[in-house]
Amino acid sequence: MARIRLGMVGGGNEAFIGGVHRIAARLDDRYELLAGALSSTPERAQASGAALGLPRIYDDFKQMAIREARLKNGIEAVSIVTPNHMHYPVAREFIKRGIHVICDKPLTSTLADAKKLVKAAESADALFILTHNYTGYPMVRQAREMVADGEIGKIRVVQVEYPQDWLTEAQDFKQAAWRTDPERSGAGGSTGDIGTHAHNLARFITGLEVESLAADLDAFVQGRRVDDNGHVMLRFEGGAKGMLWCSQVAPGNENALRIRVYGDKGGLEWAQEDPNYLWHTPLGAPKRLITRNGAGAGEAAARMSRVPPGHPEGYLEGFANIYAEAADAIEARRDGRAPGADVLYPTILDGLRGMEFIDACVRSSARNAAWVKL
């Protein structure tokens, strides 16, 4: 089958996440990157596009959306890897022209923009994929499958955390600058950047929605205008309770996303920095280790795996799995058929839930950690 014709907005030479998305798109050879508006200035956009050898380089995203939609062999999908405040205007231009969108998280910089984008997507003939990449890890799929099969029983407690240390001191390089600027990142700092990943992971594995929360957010670095640490108590539908901690001022933590889920029949534990292993503890029995592609791993994990057990898979492969699932869905749409029942990727509604989470955290913290509904 012909590769999917892909474009990219953002992700120029100085952007970390743009390179990650390009690797993810190439890993399974399902996409061909043909066009881009890779920077906010024409000079940098042209230089970055030339460095990548793109056939079609644009000075701005609107020009790109208009022309690509008119071309006979224009792009079928676009990756959006800009700072948060640009997600809405860029996605709107492409999706209304029937071009599928693969967008980095969070969905937008404001809840109002997220709601408008959902409405635009509902009336468009295009798919919207949000790259919550941790949902593409094999052992996260394993955990989700085990929860759905009732192996840990009725969920009672969910503990999820995502600490980092890279913003422990004030930073002024590009990646730090826009993430700590509320005009570009949105009202949430650590809550928007990594708290949304933790929130999404909890929802994805458990299948439960957060009904209400109480958040205590801090900006510990003097002069910082968005939170760099958040403690959040969660109440899930069905009565489960949870706690979420996100921090970018926790020395000694690099990318320490971790989740523990406890039901009335057992518990599960998974850590992103050791991603090929899932701990399962049946009630009254010893802890057991399930390895990626090893004994005890199921079909959901196997679909996301590329190599035999013992060979590490992680961040880039997880990202690539989201792109592969998106490719399955796009190809199905291209052929006028439904995608396979096992095709699974984060959608625009997952993005909306993430924006509701950020909004609720900010509202709660402003009211001295009062309980608020999402």
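May I ask you to verify whether Ile205 is within 30 Å of Ala301 (Cβ to Cβ), in contact with a helix residue (DSSP H, G or I) (Cβ under 7 Å, 6 or more places away or on another chain), surrounded by 15 or more Cβ atoms within 10 Å (Cβ to Cβ) and outside the structural domain of Ala24 (by TED's automatic domain parsing)? Working first, answer last.
On the way: within 30 Å of Ala301 (Cβ to Cβ): yes; in contact with a helix residue (DSSP H, G or I) (Cβ under 7 Å, 6 or more places away or on another chain): yes; surrounded by 15 or more Cβ atoms within 10 Å (Cβ to Cβ): yes; outside the structural domain of Ala24 (by TED's automatic domain parsing): yes.
Judged against the criteria, Ile205 is a match.
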Determine whether Val9 is within 30 Å of Ser305 (Cβ to Cβ) and among the β-branched types (Val, Ile, Thr). no
Matching residues in region 1-14 (in contact with a helix residue (DSSP H, G or I) (Cβ under 7 Å, 6 or more places away or on another chain) and in a loop (DSSP other than H, G, I, E, B)) number 5
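Tell me the residue from Gly136, Gly153 that is among the small types (Gly, Ala, Ser) and more than 25 Å from His21 (Cβ to Cβ), please.
Working: Gly136 fails: more than 25 Å from His21 (Cβ to Cβ).
Answer to the check: Gly153.
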Qualifying positions in region 90-127 - β-branched (Val, Ile, Thr) and either over 15 Å from Met355 (Cβ atoms) or free of Cβ contacts under 8 Å to residues at least 40 places away in the same chain (or both): Val90, Ile95, Ile99, Val101, Ile102
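If you check Arg288, Arg235, Arg303, which single one turns out to be of a type in the set (Lys, Arg) and closer than 30 Å to Gly340 by Cα? Show your work before the answer.
On the way: Arg288 fails: closer than 30 Å to Gly340 by Cα; Arg235 fails: closer than 30 Å to Gly340 by Cα.
Only one candidate qualifies: Arg303.
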Can you pull out the strands (runs of 3 or more DSSP E) entirely within region 177-288 that have at least 2 residues that are at pLDDT below 95? none
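Condition check: touching a residue at least 40 places away in the same chain (Cβ under 8 Å), outside the structural domain of Arg26 (by TED's automatic domain parsing) and more than 30 Å from Glu211 (Cβ to Cβ). Does Ala297 satisfy that? So that I can check it myself, show each step before the final result.
Working: touching a residue at least 40 places away in the same chain (Cβ under 8 Å): yes; outside the structural domain of Arg26 (by TED's automatic domain parsing): yes; more than 30 Å from Glu211 (Cβ to Cβ): yes.
Taking the combined requirement at face value, the residue satisfies it.
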Residues Val20, Val78: which one is surrounded by fewer than 24 Cβ atoms within 10 Å (Cβ to Cβ), within 23 Å of Trp178 (Cα to Cα), aliphatic (A, V, I, L, M) and touching a Leu at 6+ places or on another chain (Cβ under 8 Å)? Val20
Output the residue which, of all residues in region 141-164 that are touching a Gly at 6+ places or on another chain (Cβ under 7 Å) and basic (Lys, Arg), is farthest from Val210 (Cα to Cα). Lys154
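The values are calculated or read from the model by the stated rules, or taken from the named source; none is laboratory data. All of these numbers come straight from a predicted model, not from anything done at the bench. Here Cβ is always computed from backbone atoms with ideal geometry, including for glycine, and neighbour counts include all displayed protein chains.
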